[in-house]
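All remarks here apply to the structure that follows.
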Amino acid sequence: MKKGTETGKGSAIEEALQNQTEARQDAGADEAAPAGRGDERFDALVDELHRLVQSGSVPEGFDLRTACTDAAFLQLTQELPMEAAMRVYAAERRADEAETRARERLALQMQSRAALPQAVRGSAGAPVERDYASMSSRDFRALEQQFKRAAQRGIKIRL
């Protein structure tokens, strides 16, 4: 059996290899033959994983234990070579994490904006235009007098 020099990542592969070897020894020759034919693909994957871990070509941040329990990674190992499957899986995980962080940032930003004071009426500072057509005669004469007094003081009035 191959010995791993790395701790953590290499130990999962070593455990799988050791468990596989022990299972073959315990099963005997007659029972191991049918099971061995079904496990050839698994054996090849474990050997390739072990080789990649030993050579150091595992992508940065790749968690072998999590990946081996994820059905998406196992599907990728069937469709792609192991090294490519590892890189694609790691890239997908990073994209998922980035999307989650972006959603959390957006939620925090929305919460912080909700805490800001808001104006009760957005156009509170704008003057209200007068409606001369619906104004009563008395109100119109009073307004006309107000404009005349303002004009006498030198104030320009715009209608």
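If packing is taken as the average count of other Cβ atoms within 10 Å, what order do 70-81, 101-112, 46-57 fall into, highest mean first? Working shown, then result.
Working: 70-81: 13.7, 101-112: 9.7, 46-57: 16.4.
Final packing ranking: 46-57, 70-81, 101-112.
List the residues of region 73-111 whose backbone N lies under 18 Å from a point placed 7 Å from the Cα of GLU60 along the Cα-to-Cβ direction.
Label zone hits: 86-98.
Just so you know, all these numbers are worked out from the coordinates, no wet-lab data involved. What you see is a predicted model, and the numbers here were worked out from it, not measured in a lab. Positions of Cβ are backbone-derived with ideal geometry, glycine not excepted, and every protein chain shown enters the neighbour counts.
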